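A short reminder: the numbers here are calculations on the coordinates, not readings from a lab. Everything quoted here is computed from the prediction, not taken from an experiment. No Cβ is skipped: glycine too gets one built from the backbone with ideal geometry, and neighbour counts run over all protein chains shown.
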């Protein structure tokens with residue numbers, strides 16, 4: 001019986017290239033070194049972009065966290081914010097049947113003067129400037145109301161509280177009301193009407 005033979009050793013296997021080491025070693029350049037190695041123009045653009053991103057994020061946060069604004073106060077009704085004052089009536093001349101009343105209109109919040117009327121059939125009324133008339137906020141506006149007497153019967157020759165009917169409008173409402181301009185207006189209106197409707201009697205012949 002023959003003795004067992006030992007196999008001849010073969011060639012050594014090729015170990016190949018060394019394995020790449022993964023991890024946080026210090027072989028490659030660090031982040032700061034990479035940043036420094038970038039061109040200056042690229043670094044400026046990157047820094048600007050980062051700054052804009054921070055500002056945008058801060059703006060979004062501010063918008064998301066700011067309190068809801070309070071709703072604006074409603075515009076007051078035109079009657080509450082518009083005022084008329086009487087300036088005077090020029091006494092008509094003898095033979096005239098027309099006279100003017102001067103008013104001043106003021107609106108605290110802005111309004112439109114739509115219409116002015118009166119209730120006596122013997123009087124015709126017109127307004128200057130022409131209506132509708134915008135009343136600017138806080139700006140006094142002079143308004144001339146012209147009366148023309150077409151019939152004396154039924155007119156208030158001794159009026160106590162004559163009024164004008166006024167229509168006002170703003171963004172909240174349209175309102176009508178009777179504007180009582182006070183005792184001076186009543187006295188001067190009565191005097192103007194008496195001048196037209198009760199002329200002084202002619203002197204007797206030979207007087």
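Using a Förster distance of 35 angstrom, determine the FRET efficiency expected from the C-beta separation of residue 153 and residue 173, and round it to 0.05.
It comes to 0.40.
Looking only at the stretch 78-197, where both bridge partners belong to it, what percent of the DSSP beta bridges are antiparallel (to the nearest 5)?
95
Listed highest first by mean packing, meaning other Cβ atoms within 10 Å per residue, what order do 192-198, 182-188 come in?
192-198, 182-188
Provide Rg and Dmax in Å for the stretch 78-197, with only Cα atoms included in the calculation.
That works out to 14.4, 46 Å for Rg and Dmax.
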